[in-house]
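The values are calculated or read from the model by the stated rules, or taken from the named source; none is laboratory data. Note that this is a predicted model, so its numbers are computed, not measured. Here the Cβ is made from the backbone with ideal geometry for all residues, glycine too, and neighbour counts use every protein chain on show.
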Amino acid sequence: MKARAARTPRARKGSASGAPRSARRRGATPARARASVPQPPSPIWRRRTNGHVFPTKCHGRASRRLRECRSAPRTRARGSVWSDRSLEGSVNVKIGVIGTGNMGRTFGLLWASNGHDVLFGSRDRAKAEVVAAKHERARAGDFDDAAAFGDVILYTVRGAFPSTLLRAPQALAGKVVIDCNNRDFDSRIDRPTPEVSLAERLAADVPQAKIVTAFQTIPHVVAELGRDKLAPQRISVFLCSDDAAAKATVQGLVDELGLVGIDSGELKRARLLEAVGDFIRLHIGARGHGIYTSLSIRPVQR
């Protein structure tokens, strides 16, 4: 049998060295040389929601780093971008908080601790200054200052709508407005589900805003427990909105606190959430379970 001559590997077209085409792109390092060059960690995949960037999942080894570092303190980067060991490149969200009561104070300071810029607005500026002094990323103003400042607004004033509360309610146009308010509690079992929810009334008052309901079943003391204690418990935050992008933005802000955002449909479903809020408060008070009580939805393991 005739012996076949050994074939010499042929260089790829256009390359004398045989380097892959990708290695010739704009200063790329050939694979052989790359082995000795320190490589950055695997990239974090992010999804963009209404101009904001939130980490969703990682590739390879970066997933463990993300789980460990999401709650790590962030450091200031250039411009409006903040970073920590795992969230480099995440975009800072400007948040205006209208009201400095328990809910406004708690969530505003938590988001400031996560690297967002927060402005607390109050009827009494002195009260807002007391809250803002608790974190270097927070500042103080009145209600209109908060409405003008934030790309996302946390609206915590129950019983008053922007048309009467703000001098310039049009400042909320095009912005994501989080409604965390519940109706006045009444333990009567024959209390009907409202025909129009507080969130729908808020949307009618500022029709150009993107209303999202959230946190109706989360007592402020539960949120104050912090991500490390909350994340393993997977506590649900029910989200209703007619704007999918706005809902996704709020879900990103919810998830970074260690809570779990649950898409609960369009804004009219907030009528059901008001009844759920009554149910939770019944157990907190009349049934004696205490303020550290919330509600979660989880699939049953089969």
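Among the candidates 110, 154, 119, single out the residue that is crowded, with 21+ Cβ neighbours inside 10 Å, in the same structural domain as residue 217 (by TED's automatic domain parsing) and assigned to a helix (DSSP H, G or I). Spell out how you get there, then give the answer.
Values: 154 fails: assigned to a helix (DSSP H, G or I); 119 fails: assigned to a helix (DSSP H, G or I).
Exactly one of 110, 154, 119 is crowded, with 21+ Cβ neighbours inside 10 Å, in the same structural domain as residue 217 (by TED's automatic domain parsing) and assigned to a helix (DSSP H, G or I), namely 110.
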**Item:** First in region 277-302 and at negative phi and in the same structural domain as residue 261 (by TED's automatic domain parsing), second anywhere and among the charged types (D, E, K, R) and part of a loop (DSSP other than H, G, I, E, B), Cβ under 9 Å, 6 or more apart
**Value:** 277/183; 278/183; 278/186; 278/191
**Prompt:** Only one of these conditions is not met by residue 172: (1) in contact with a helix residue (DSSP H, G or I) (Cβ under 8 Å, 6 or more places away or on another chain); (2) surrounded by fewer than 21 Cβ atoms within 10 Å (Cβ to Cβ); (3) modelled with pLDDT of 95 or more. Which number is it?
**Reply:** (2)
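Mind listing whichever residues of region 202-222 are outside any loop (DSSP other than H, G, I, E, B) and either modelled with pLDDT under 95 or more than 20 Å from residue 274 (Cα to Cα) (or both)? If you could, list the steps in order and put the result at the bottom.
We begin by selecting, within region 202-222, every residue outside any loop (DSSP other than H, G, I, E, B); these are 202-205, 210-213, 220-222.
Within region 202-222, 220, 221, 222 meet the criteria.
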**Residue pairs meeting the criteria (Cβ under 8 Å; at least 6 apart or on separate chains; first more than 19 Å from residue 271 (Cβ to Cβ) and assigned by TED's automatic domain parsing to the domain that holds residue 262, in region 233-246; second hydroxyl-bearing (Ser, Thr, Tyr) and surrounded by 15 or more Cβ atoms within 10 Å (Cβ to Cβ))** = 235/294; 245/49
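Only one residue in 160, 140, 126 is surrounded by fewer than 20 Cβ atoms within 10 Å (Cβ to Cβ), free of Cβ contacts under 8 Å to residues at least 24 places away in the same chain and not in a helix (DSSP H, G or I). Which one? Spell out the reasoning first.
Numbers: 140 fails: surrounded by fewer than 20 Cβ atoms within 10 Å (Cβ to Cβ); 126 fails: not in a helix (DSSP H, G or I).
So the residue among 160, 140, 126 that is surrounded by fewer than 20 Cβ atoms within 10 Å (Cβ to Cβ), free of Cβ contacts under 8 Å to residues at least 24 places away in the same chain and not in a helix (DSSP H, G or I) is 160.
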**Checking residue 245 against (1) surrounded by 21 or more Cβ atoms within 10 Å (Cβ to Cβ); (2) assigned to a helix (DSSP H, G or I); (3) hydrophobic (A, V, I, L, M, F, W, C), the condition it does not meet** = (1)
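Being out of contact with any Ser or Thr (no Cβ under 6 Å at 6 or more places or on another chain) and assigned to a helix (DSSP H, G or I): is that true of residue 232 here?
yes
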**Prompt:** Of all residues in region 258-302 being at pLDDT 90 or above and within 20 Å of residue 229 (Cα to Cα), which is farthest from the chain's Cα centre (by Cα)?
**Reply:** 262
**Asked** Among the numbered criteria (1) aliphatic (A, V, I, L, M); (2) within 16 Å of residue 183 (Cα to Cα); (3) part of a strand (DSSP E or B), which single criterion is violated by residue 282?
**Response** (3)
